[in-house]
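The values are calculated or read from the model by the stated rules, or taken from the named source; none is laboratory data. Every value quoted in this text rests on a predicted model; they were computed, and no experiment measured them. Just so you know, the surface numbers come from the protein's heavy atoms only, side chains and all, with ligands and any DNA or RNA stripped out. Shrake-Rupley method; radii C 1.70, N 1.55, O 1.52, S 1.80 Å.
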Amino acid sequence: MGLLRFTAKVSGRSEIGFEGERLALSFLKRKGLKILSRNYRFGRKEIDIVALDKNTVCFIEVKSRSNDAFGRPEEAVTARKRHHLELLALSYIKRYKLLDYDFRFDVVSVFFDKIHASHNIEYIEDAFDAGGSWTS
């Protein structure tokens, strides 16, 4: 399966968000995932990354933070956001006729440590099920 869609995001995202997504892409590629799409949009909703992990299509949300004042990055994937990701996944699966593939929802959490000029990436595979409930 080739690259299906690669688009640049044009909204006013923060530098931290762009850098977090760049780091997440690099991390996922090193783990052996094949990137199918970035910033896939359906209506006003968007999913950050769609990737293929063997025979599983992964719908991946990337969340980045530089401090924990508002919680850990992955905590920003709310029930509403999970519902939007489900709708996006359904759109993607139908559009590219991927009904023969398994699928899952993953979250990449990127935490920037400004003091030590470093970052920490946490990859949560199969983070929630299609009903929007957290699996871990």
#### Entry: Proximal lysines to Lys97, defined as alpha-carbon separation beneath 23 angstrom and excluding residues fewer than eight positions away on the same chain
Lys34, Lys45, Lys54
### Message
On a straight-distance basis, which lysines could pair with Lys114 in a cross-link, Cα separation under 20 angstrom, same-chain partners fewer than 8 positions away excluded?
### Response
Lys63
#### Entry: Area of Lys81 that stays accessible when all protein chains are in place (1.4 Å probe, Å², to 10)
50
### Query
For the stretch 25-69, what percent of Cα pairs sit more than 18 Å apart?
35
### Task
Could you rank Glu19, Glu75 by how accessible they are, 1.4 Å probe, largest area first?
Glu75, Glu19
### Query
When the Cα centres of the stretch 17-71 and the stretch 82-118 are compared, how far apart do they sit, in Å?
6
### Message
If you count only protein heavy atoms and use a 1.4 Å probe, how large is the accessible surface of Leu90, to the nearest 10 Å²?
### Response
90
